[in-house]
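Report on one structure; see the data block that follows.
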Amino acid sequence: MLSYRFLRENAPWLLAGLLLAFGSNFGQTFFISLFGGEYRRELGLTDGEFGQLYTIATLASAILLVNTGWIADRLPMRKLGVLVLAGLAGVCLLMSQAQNIWFFGLAIFGLRYAGQGMLSHIEVTAIARWFVASRGRALAVASWGHPIGEGLLPPLVAWLLTQMEWRSVWMVFAGVLIFVLIPLYTLILKGERIPTGTETEGKVVTGIGGKHWTRPEVLRHKVFWLLIPALMASPMVGTAGLFHQAHIAEIKDWTLLQFTAGFTSYAVLSVVFSLIFGMLLDRFSALEVLPFYLMPLALGMFALSQFDGLWVPHIFLGMIGASAGAGGATMGAMWAELYGTKHLGSIRSLSMAAMVFSSALGPGLTGTFIDRGVNFEAQCVLMALYVLAMALWLFLLLRPIIAARKLSRLSG
């Protein structure tokens, strides 16, 4: 259970992870797309051109993440967190001054790399390394930074856009990063947390085969490559739904305000499911619960494809949030269980790059199909089926590994 004692004793590390997760929201699709209308009007972009530019910038950020994720294994998290938060603030300032498509594309690239990429990466890497016996609960609490931002930032941005131009709004958030998040982070986090011997007792700290895998070894391991298509499902499908929020509202005859009301359900269910899956992780294992985190996402896509009531945004966004919360609590623990924690940063950067890559594909592919006359609701049915198929694939793929781990524990 998530006790007050656990929160109090581990507050510095949990809050540091939560701040990193919150900061990553400035590079997430839901936040960037809130300014979509302003971008298109001022820079003369069509919906398709904006989507293509977004895809290219996100893919480039994924490539860079693959080659820099190892930094999380070398630098102290206190220093690295400050560096990335400062870099993200600089990118926000760049966005506020973008006058042409080249600087705009560079700003999108920076937001995706520093925000969605590096901040999310180092948050999960740090928590997975700092905690062992309570890793699931710790990942769940740290991941609350995502739904907090997803619940607060959309209405805040909507209000700020009624008070000032969009460029000034980006300057406001650059100030938030520099004058609020960075000072709080350095004040809270004084050093690394070292799991004690009693915490690690009875828990697998190493990965498959009782060792800490290196990145080259992971790249030669077929299980890693077989996992990637399934792990791409949530970011690809969920990002597509968030990116096309204006289009969805239009085809459903909702106002944008009616649609974005569903972000409240997104935030609440993200927290609830992160807690549920965090407790399940500490009772069972990440490998055992992983296949189930995709189920809510499939339900949400199916609901959007079949119904038009004003309750649908709450189901649609709520179920995306549920899968996001469950996945946030599960992913870091899964890689630690499979490959150990010594090289976790460089290993997770590979999976993060694949997930960033998939989040780039979602808007691009669905946008192309929309332009070619394929109804988005019909696409939702296909996406729901794809997500269910990947959940089944995870279940079948991980069964032998789970069985082998249990046998190893019994024989040990």
Quick one: Arg399 ticks every box in (1) free of Cβ contacts under 8 Å to residues at least 60 places away in the same chain; (2) touching a Ser or Thr at 6+ places or on another chain (Cβ under 8 Å); (3) basic (Lys, Arg) except a single one, so which number is it? (2)
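May I ask you to say which residue of Ser61, Ser96 is of a type in the set (Ser, Thr, Tyr) and more than 21 Å from the chain's Cα centre (by Cα)?
Numbers: Ser61 fails: more than 21 Å from the chain's Cα centre (by Cα).
After ruling out the rest, the residue left standing is Ser96.
Only residues that are closer than 22 Å to Glu165 by Cβ and without any contact (Cβ under 8 Å) to a residue 60 or more places away in the chain: list them for the range 43-71, please.
So the first thing to find is which residues in the range 43-71 are closer than 22 Å to Glu165 by Cβ, and the list is 43-47, 49-50, 53-54.
Within the range 43-71, Gly44, Leu45, Thr46, Glu49, Phe50, Leu53 meet the criteria.
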Looking at the range 272-287, which of its residues are under 23 Å from Pro313 (Cβ atoms), modelled with pLDDT of 85 or more and touching a Ser or Thr at 6+ places or on another chain (Cβ under 9 Å)? Phe273
Tally of residues being surrounded by 14 or more Cβ atoms within 10 Å (Cβ to Cβ) and either free of Cβ contacts under 8 Å to residues at least 60 places away in the same chain or not hydrophobic (A, V, I, L, M, F, W, C) (or both) across the range 164-174: 2
Name the residues in the range 134-153 that are polar (S, T, N, Q) and over 16 Å from Gly321 (Cβ atoms), would you? Ser134
Would you confirm, using the coordinates I've provided, whether Gly328 is modelled with pLDDT of 85 or more, crowded, with 19+ Cβ neighbours inside 10 Å and under 14 Å from the mean Cα position of the chain (by Cα)? no
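Restricting the search to the range 211-244, which residues are within 13 Å of Thr29 (Cβ to Cβ) and either in a helix (DSSP H, G or I) or hydroxyl-bearing (Ser, Thr, Tyr) (or both)? Before the answer, list the steps.
Keep residues of the range 211-244 that are within 13 Å of Thr29 (Cβ to Cβ), which gives 234-244.
Passing the criteria: Ser234, Pro235, Met236, Val237, Gly238, Thr239, Ala240, Gly241, Leu242, Phe243.
Of a type in the set (A, V, I, L, M) and either touching a residue at least 60 places away in the same chain (Cβ under 8 Å) or in contact with a His (Cβ under 6 Å, 6 or more places away or on another chain) (or both): is that true of Leu161 in this structure? Give the steps one after another, and end with the answer.
Working: of a type in the set (A, V, I, L, M): yes; either touching a residue at least 60 places away in the same chain (Cβ under 8 Å) or in contact with a His (Cβ under 6 Å, 6 or more places away or on another chain) (or both): yes.
Against the criterion (of a type in the set (A, V, I, L, M) and either touching a residue at least 60 places away in the same chain (Cβ under 8 Å) or in contact with a His (Cβ under 6 Å, 6 or more places away or on another chain) (or both)), Leu161 qualifies.
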Residues (surrounded by fewer than 24 Cβ atoms within 10 Å (Cβ to Cβ) and of a type in the set (A, V, I, L, M)) located in the range 268-283: Val268, Val271, Val272, Leu275, Ile276, Met279, Leu280
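Here's a check for you: in the range 96-124, which residue that is among the polar types (S, T, N, Q) and in contact (Cβ under 8 Å) with a residue 12 or more places away in the chain is nearest to Ala333 (Cα to Cα)?
Taking the range 96-124 first, the residues among the polar types (S, T, N, Q) are 96-97, 99-100, 116, 120.
Next, from what is left, pick out any that are in contact (Cβ under 8 Å) with a residue 12 or more places away in the chain: 96-97, 100, 116, 120.
Numbers: Ser96: 37, Gln97: 40, Asn100: 42, Gln116: 19, Ser120: 14 Å.
Of everything passing the filter in the range 96-124, Ser120 is nearest to Ala333 (Cα to Cα).
The values are calculated or read from the model by the stated rules, or taken from the named source; none is laboratory data. Please read all numbers here as calculations on a predicted model, not as lab measurements. Cβ: placed from backbone, ideal geometry, glycine included. Neighbour counts: every protein chain shown.
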